[in-house]
Amino acid sequence: MLFRRPSIISRKEVAKLAGVSEATVSRVLNNVGPMKEETRERVLLAAAELGYVPNALAQQFARRKSGNIGVILPFVPKVHLFSTYYFSEILSGIGETAKRCGYDLLLIFREPDEARDYAKLFRTQKIDACIVLGSQNVPEERAALAELKAGGFPFCLVNQRYDEEQYATVDADHITGSMAVVRHLVERGRRKVAFVNGPAQYSNSADRLQGYKAALQEAGIPFRQQLVYTGNYSRKSGYELAEQIAKQIRDGSIDAVFAANDRMAIGLMQGLRELALEAGQHYALVGYDDSDGSRIISPRLSTVSVPFYEMGKLAAASLLDQARGDETDPLRQHVLPVSLVPRETS
């Protein structure tokens with residue numbers, strides 16, 4: 001009687017023919033751990049003789065690999081996230097490195113009031129590594145990141161830092177950047193410099209405020225809390241501050257404004273223009289980011305160039321090294337330099 005071999009060959013059959021356990025077959029086919037060359041060859045010969053072809057999906061599960069880098073993003077209603085310079089540049093840098101390394105990106109949008117169970121993405125094998133953008137210093141976020149660290153999951157923060165936790169981060173030197181802005185304005189005779197900052201839950205907001213204060217002290221100018229305003233990094237928030245700031249420009253309390261990003265600076269400039277105050281004429285203005293908008297608006301906006309694209313590339317490269325176990329210091333904090341770009345508004 002003739003018996004037809006089943007069309008689907010199992011690892012159990014390979015193990016039986018090779019005289020080893022199924023676990024050994026799995027280790028050989030997935031190239032995991034040390035293995036005697038004789039055993040490896042015996043398993044490979046048995047697999048070839050039986051015509052065993054590993055299922056690609058099964059291999060991914062066996063290796064606990066999804067082939068995805070997760071990127072966690074804030075969900076902001078009515079904001080076109082991918083059209084903003086900050087996010088588009090960082091995502092482009094992450095995407096280029098991921099593609100070169102054979103990974104795909106899985107974008108996860110985080111709503112402000114939803115549970116932040118980042119570790120679940122690893123437990124369900126949706127991602128192999130994780131980059132968090134727009135991370136906020138709030139209890140829910142800190143708890144989610146602490147769970148990632150406790151679980152040994154590879155993750156990296158971009159443009160946010162928790163100094164006491166020592167997480168892997170890629171950041172820019174915002175303290176030095178802010179000091180350069182204030183020095184630039186002081187060198188041009190401006191001594192009443194207002195500061196429009198972002199929300200306090202972001203470490204880069206704290207860094208910019210620190211740099212602003214340090215440069216004022218260096219110039220012998222007293223720090224005045226009434227010259228510090230807070231927006232939310234949107235154009236609208238800058239625009240809405242125009243009326244308050246216009247009054248202080250007119251009464252001589254302000255002769256220059258430093259905005260913590262270009263979007264707020266451009267919104268403020270628009271609002272002040274509607275009140276008959278022109279940047280570079282009635283007051284000096286400097287933004288931050290060197291976005292596309294800073295180059296095309298008139299007058300052209302003085303700003304600070306931040307290497308967001310390079311930050312994205314570095315975050316992905318460092319993260320993939322962690323995932324492969326190649327990173328010698330997985331908690332390393334990278335800080336990239338920034339540079340002042342003087343233009344017409346200052």
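The values are calculated or read from the model by the stated rules, or taken from the named source; none is laboratory data. Given the structure is predicted, the values throughout are model-derived calculations rather than measurements. All Cβ positions, even for glycine, are placed from backbone atoms using ideal geometry, and neighbour counts span all protein chains on display.
In the set (1) within 16 Å of His184 (Cβ to Cβ); (2) modelled with pLDDT under 95; (3) among the charged types (D, E, K, R), the condition left unmet by Arg343 is number (2). Return yes or no: is Leu106 surrounded by 16 or more Cβ atoms within 10 Å (Cβ to Cβ) and in a strand (DSSP E or B)? Answer is yes for this residue. Which one is surrounded by the fewest Cβ atoms within 10 Å (Cβ to Cβ), of the residues in segment 224-244 that are farther than 21 Å from Thr84 by Cα and in contact with a Lys or Arg (Cβ under 9 Å, 6 or more places away or on another chain)? This residue is Arg224. Taken over segment 80-103, the criterion of being acidic (Asp, Glu) and either under 13 Å from the mean Cα position of the chain (by Cα) or assigned to a loop (DSSP other than H, G, I, E, B) (or both) is satisfied by Glu89 alone. Annotation note: of Val228, Val257, Val186, the sole residue that is in contact with a helix residue (DSSP H, G or I) (Cβ under 7 Å, 6 or more places away or on another chain), modelled with pLDDT of 95 or more and among the hydrophobic types (A, V, I, L, M, F, W, C) is Val257.
Comparison of Leu268, Leu277 shows that the only residue that is in a loop (DSSP other than H, G, I, E, B) and of a type in the set (A, V, I, L, M, F, W, C) is Leu277.
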